[in-house]
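The values are calculated or read from the model by the stated rules, or taken from the named source; none is laboratory data. Keep in mind it's a predicted model, so treat the numbers as computed, not measured. Here Cβ is always computed from backbone atoms with ideal geometry, including for glycine, and neighbour counts include all displayed protein chains. For accessibility, only protein heavy atoms count, side chains too; no ligands or nucleic acids. Shrake-Rupley method; radii C 1.70, N 1.55, O 1.52, S 1.80 Å.
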Amino acid sequence: QAKKAGRGQSRFFSNEINVRAQERLMFENALRDALQHNQLHLHYQPQMGLSTGDLHGVEALARWNHPAMGEIPPARFIPLAEECGLINELSRWVLHEACRQLASWRATGVPIPCIAVNLSVSNFQDVHLPSLIAHVLESNGLLPKDLIVELTESMLLDNTPGVMQVIEAIDALGVRLSLDDFGTGYSSLSYLRRLPVSGLKLDRSFVVDLEHDEAAQALSSAILEIGRSLHLHVVAEGVETPAQHHILLELGYPVAQGYLYSPPLPADQLTSWVQSSKEAIRDKHKT
Ligand code: C2E
Ligand code: MG
Ligand code: MG
Ligand code: MG
C-alpha cells in the first residue's frame, strides 16, 4: 500500500519538476526573444537634492513588457538572466541604452547631470566589462563622470577572483561606483574599506521605518556619518512620504530618490518631469 502510494507520489513530483523545468525554459526563451526583439526598455528615476530640489541624476531601471505575460518585474527577470547566462547581454544592452538616452537628453538641452545603471555580479566576472564601458561612453560622446555603476554588496560575498580587478579597472576609467541597498548585507563596512566606491545608497528598509523607529533614524544618521567621513556621496532610497523627506533633511542627507519625487518613468515622461520641475523651482524663486 505504502509502496504504491510512494511510487505515485514520486511520479507526481517528477511531473511537477518537469512542468517547472518547461516553464523555466519557456521563460528563458522569452527573455532571449525579448533581448532580440527590443521588448526591454528602461525607466528613469530622478535623484533629488533634498534641500534644493535640484536634479542630481537619474537611475536607469530595466523593464520587460511581454506581449502576452505583461510587465515582468526586474526582481524576476534579472535573477533569471543571471542563471541562464543572459546577464552579460542584458547589461550590455542596458549600458548602451542608458548612455544613448543620456546623450540624446544632452543633445536636446535636457539637463541630466549623470546616469546610474545597475550591474550584477556576473558582469564583474567579465574581464571585458571595463573596455565595454569605455567604448559605450566614447561612442556616445560621454565622459566617465557621466556614468555611475551601482553594485550590491550581496553580490560580492562570493569573492570570485577577478571581480576586484574589474571593479578597480572601472574605477580607473573614472567611472563612479556606488554601493546599492547599503546596510542590508552583513559586511557592509569591510566593503567600504576594500572597494573603490565613491557613493552609497541607504537601503529603503531604513527609510520605511524612519517615522516610527528610533533605531532606523539612529542607523540612518550613523550611515550618513560613515559616508561623509569617507567622502562618499550618500543617497537615500525609497522616500515615499513628506515626513520621511523631512527627517532625512534634518539628518543632513544631501540626496534622495523615491516615489515622493517621482516613480521611475519612461524617457519622454522624465523629460516632461524635468521641464515642469525646473519651472516649479523658478516659480518658487520668483515669489
Ligand atoms: P534597486 O537598484 O535598489 O532599485 C530601486 C528599486 O526601488 C526599483 O525597483 C524602484 O522602482 C524601486 N523604488 C524607487 N522608489 C521607490 C519608493 O519610493 N518606494 C518603493 N517601494 N520602491 C521604490 P525595480 O525597478 O523593481 O528594481 C528592483 C531591483 O532590480 C533593483 O533594485 C535592481 O537591483 C534590479 N534591477 C533593476 N534594473 C536592473 C538592471 O538594468 N540591471 C540589473 N542588474 N539589475 C536591475
Ligand atoms: Mg540601484
Ligand atoms: Mg537600491
Ligand atoms: Mg534594491
Exercise. Restricting attention to the stretch 180-190, which residues are within 18 Å of the chain's Cα centre (by Cα) and either of a type in the set (A, V, I, L, M, F, W, C) or surrounded by 16 or more Cβ atoms within 10 Å (Cβ to Cβ) (or both)?
Worked result: Asp180, Asp181, Phe182, Gly183, Gly185, Ser188
Seminar exercise, completed: Matching residues in the stretch 75-98 (near ligand 1 (Cβ under 10 Å from one of its atoms) and either under 23 Å from Val136 (Cα atoms) or part of a strand (DSSP E or B) (or both)) number 11
Seminar exercise, completed: Per the filter on the stretch 217-227, residues open to solvent by 30 Å² or more (accessible area, probe 1.4 Å) and either touching a residue at least 24 places away in the same chain (Cβ under 8 Å) or of a type in the set (A, V, I, L, M, F, W, C) (or both) are Gln217, Ala218, Leu219, Ser221, Ala222, Ile226
Problem set entry | Number of the exception - Leu177 against (1) within 18 Å of the chain's Cα centre (by Cα); (2) hydrophobic (A, V, I, L, M, F, W, C); (3) open to solvent by 30 Å² or more (accessible area, probe 1.4 Å) | (3)
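When the residues of the stretch 70-87 are filtered to those that are within 16 Å of ligand 3 (Cβ to nearest atom) and open to solvent by 60 Å² or more (accessible area, probe 1.4 Å), which remaining residue is farthest from Gln125 (Cα to Cα)?
So, considering only residues that are within 16 Å of ligand 3 (Cβ to nearest atom) and open to solvent by 60 Å² or more (accessible area, probe 1.4 Å), the one farthest from Gln125 (Cα to Cα) is Pro73.
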Problem set entry | Residue under evaluation Tyr253, criteria (1) more than 16 Å from ligand 4 (Cβ to nearest atom); (2) in a helix (DSSP H, G or I), criterion not met | (2)
Seminar exercise, completed: Of the candidates Ala243, Ala172, the one satisfying the condition of being small (Gly, Ala, Ser), open to solvent by 60 Å² or more (accessible area, probe 1.4 Å), out of contact with any helix residue (DSSP H, G or I) (no Cβ under 7 Å at 6 or more places or on another chain) and away from ligand 2 (no atom under 15 Å from the Cβ) is Ala172
Exercise. Can you tell which of Ser205, Ser272 is open to solvent by 50 Å² or more (accessible area, probe 1.4 Å), outside any loop (DSSP other than H, G, I, E, B) and within 16 Å of ligand 3 (Cβ to nearest atom)?
Worked result: Ser205
